1. Of all residues in region 47-83, how many are modelled with pLDDT of 95 or more, part of a loop (DSSP other than H, G, I, E, B) and either farther than 26 Å from residue 163 by Cβ or in contact with a helix residue (DSSP H, G or I) (Cβ under 8 Å, 6 or more places away or on another chain) (or both)?
2. Cβ-Cβ under 7 Å, sequence separation 6+ or interchain: first residue in region 156-167 and without any contact (Cβ under 8 Å) to a residue 40 or more places away in the chain, partner outside any helix (DSSP H, G or I). Which pairs?
3. In the set 147, 135, 97, which member is modelled with pLDDT under 85, at positive phi and either crowded, with 19+ Cβ neighbours inside 10 Å or out of contact with any helix residue (DSSP H, G or I) (no Cβ under 7 Å at 6 or more places or on another chain) (or both)?
4. Please find, within region 1-46, the residue that is surrounded by the fewest Cβ atoms within 10 Å (Cβ to Cβ) out of those that are in contact with a helix residue (DSSP H, G or I) (Cβ under 6 Å, 6 or more places away or on another chain) and modelled with pLDDT under 95.
5. Across region 100-116, what is the total count of residues that are surrounded by fewer than 14 Cβ atoms within 10 Å (Cβ to Cβ), touching a residue at least 12 places away in the same chain (Cβ under 8 Å) and within 20 Å of residue 66 (Cα to Cα)?
């Protein structure tokens, strides 16, 4: 059962999460292919999918949305998990008292999860390296008020990502991982 871990990533944080998930699945003995959604020629050759994207302004990146919608017929017949990366920083609640992770769920999660029958969807904290910013993001990061939005650092919770990937591996029939 070959699993495709497909991602859309602008600055590398979501790609890093996808690569980590792919490595965990491979370590569990599952055949896996990790690639950008734009590099997937024929999703029908895969038996399961983990699809992820960075989220900006409450939405998944266009490439991830388009890929998932375009291949809904195939995805709806196979096991699928969705993930998103986006919130950065260490705060667990926002200025309105909402859970930061829950508030960062892309607006497409509900629609896509229903359309393809996704088994789970997760939001993970992301990372920001200001030196990688381009275009409007680079300009915005220089504004005085941007300090709260463009918090530099790697906030990905690798233990949570590993646990989620290990759960996917178990659902796909991989033997239980022994902690040594």
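The values are calculated or read from the model by the stated rules, or taken from the named source; none is laboratory data. These figures come from a predicted structure and were not determined experimentally. Neighbour counts run over all protein chains shown; Cβ positions are idealised from the backbone, glycine included.
1. Residues in region 47-83 being modelled with pLDDT of 95 or more, part of a loop (DSSP other than H, G, I, E, B) and either farther than 26 Å from residue 163 by Cβ or in contact with a helix residue (DSSP H, G or I) (Cβ under 8 Å, 6 or more places away or on another chain) (or both): 4 in total.
2. Qualifying pairs under 7 Å: 157/124; 157/125; 160/124.
3. That would be 135, the only listed residue that is modelled with pLDDT under 85, at positive phi and either crowded, with 19+ Cβ neighbours inside 10 Å or out of contact with any helix residue (DSSP H, G or I) (no Cβ under 7 Å at 6 or more places or on another chain) (or both).
4. Here the residue is 11.
5. 1
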